[in-house]
């Protein structure tokens, strides 16, 4: 099967075989038992195991699998599906454990389309979950700063809460292709932050035009979620950056809760490549 991915060493096209990817220069990349491959050269790694560690990967899987962020997934599915042709190629750059990736893929299939979809993330731990979630999507360990995809090869690129690499995103998107950029809105997880910090502050919200793109629209997604037990509260906390920087007092207050009602608030910025 011809892959959406390209060889990170020579740039040649990759063919997916039963247990590996291989290019015409005979560079080969094994497919892990979970179903993902590793396309991040050693000289592009900043640590032995970059990205989300095992604990954060597990927290994301447990929390998202309970559908707390279903409103965001469903909005993405709706907005992407109505902008896709019959056989679109899509990339989820910084796909995490594949919750949104798999939802979009299944939505397109159910609409009678024939999508080709790939997901990349710098963490091998989190891609183990992504590849288990959906076998029809290609997943690879790779950096968004140097995507292993050909120029102008995708119709839709999704970047959800991940670092922004606009030059690369412009490179791999086809002319007229869509770029979906998801960010937290001002009061996202406000009640959680009130527990963790003495003086929480809202997230910055802004509309920023990017060179090479036209601004299509901003789609708001807002709601409330009810975390009914400590396990779900800790799973949410563990998948956020707050897990790294919260003082002990805030963690102790969170650990004392039996339940938590918390707002979720996202903004989907939709661009089109000129």
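The values are calculated or read from the model by the stated rules, or taken from the named source; none is laboratory data. The structure presented is a predicted model; accordingly, all values stated were derived computationally and were not measured. Positions of Cβ are generated from backbone atoms using ideal geometry, with glycine treated the same way; all protein chains shown enter the neighbour counts.
For segment 224-264, enumerate the residues that are within 18 Å of residue 161 (Cα to Cα) and either modelled with pLDDT of 95 or more or in contact with a strand residue (DSSP E or B) (Cβ under 9 Å, 6 or more places away or on another chain) (or both).
Scanning segment 224-264 gives 235, 236, 237, 263, 264.
For the structure I just gave you, tell me whether residue 100 is in a helix (DSSP H, G or I) and in contact with a strand residue (DSSP E or B) (Cβ under 6 Å, 6 or more places away or on another chain).
Details: in a helix (DSSP H, G or I): yes; in contact with a strand residue (DSSP E or B) (Cβ under 6 Å, 6 or more places away or on another chain): yes.
For residue 100, the condition - in a helix (DSSP H, G or I) and in contact with a strand residue (DSSP E or B) (Cβ under 6 Å, 6 or more places away or on another chain) - is met.
I'd like to know if segment 199-210 contains one or more residues that are buried (at least 17 other Cβ atoms within 10 Å of the Cβ), farther than 19 Å from residue 84 by Cβ and touching a residue at least 60 places away in the same chain (Cβ under 8 Å).
no
Can you pull out the residues in segment 139-161 that are over 25 Å from residue 85 (Cβ atoms) and either surrounded by 19 or more Cβ atoms within 10 Å (Cβ to Cβ) or touching a strand residue (DSSP E or B) at 6+ places or on another chain (Cβ under 7 Å) (or both)? Reasoning before the result, please.
So the first thing to find is which residues in segment 139-161 are over 25 Å from residue 85 (Cβ atoms), and the list is 141-143, 145-146, 161.
If the condition is that a residue be over 25 Å from residue 85 (Cβ atoms) and either surrounded by 19 or more Cβ atoms within 10 Å (Cβ to Cβ) or touching a strand residue (DSSP E or B) at 6+ places or on another chain (Cβ under 7 Å) (or both), then 141, 142, 143, 161 are the ones that fit.
All but one of (1) in contact with a helix residue (DSSP H, G or I) (Cβ under 6 Å, 6 or more places away or on another chain); (2) crowded, with 20+ Cβ neighbours inside 10 Å; (3) free of Cβ contacts under 8 Å to residues at least 40 places away in the same chain hold for residue 57; which doesn't?
(3)
Would you check if residue 7 is under 30 Å from residue 223 (Cα atoms) and modelled with pLDDT of 95 or more?
Numbers: under 30 Å from residue 223 (Cα atoms): no; modelled with pLDDT of 95 or more: yes.
Against the criterion (under 30 Å from residue 223 (Cα atoms) and modelled with pLDDT of 95 or more), residue 7 does not qualify.
Suppose the filter is crowded, with 19+ Cβ neighbours inside 10 Å, over 18 Å from the mean Cα position of the chain (by Cα) and either modelled with pLDDT of 95 or more or on the phi > 0 side of the Ramachandran plot (or both); does residue 29 pass it? Write out each step before concluding.
Details: crowded, with 19+ Cβ neighbours inside 10 Å: yes; over 18 Å from the mean Cα position of the chain (by Cα): yes; either modelled with pLDDT of 95 or more or on the phi > 0 side of the Ramachandran plot (or both): yes.
Yes; evaluated as a whole, the condition is true for this residue.
It is to be established whether one or more residues within segment 175-193 are surrounded by 12 or more Cβ atoms within 10 Å (Cβ to Cβ), in contact with a strand residue (DSSP E or B) (Cβ under 9 Å, 6 or more places away or on another chain) and modelled with pLDDT under 95.
no
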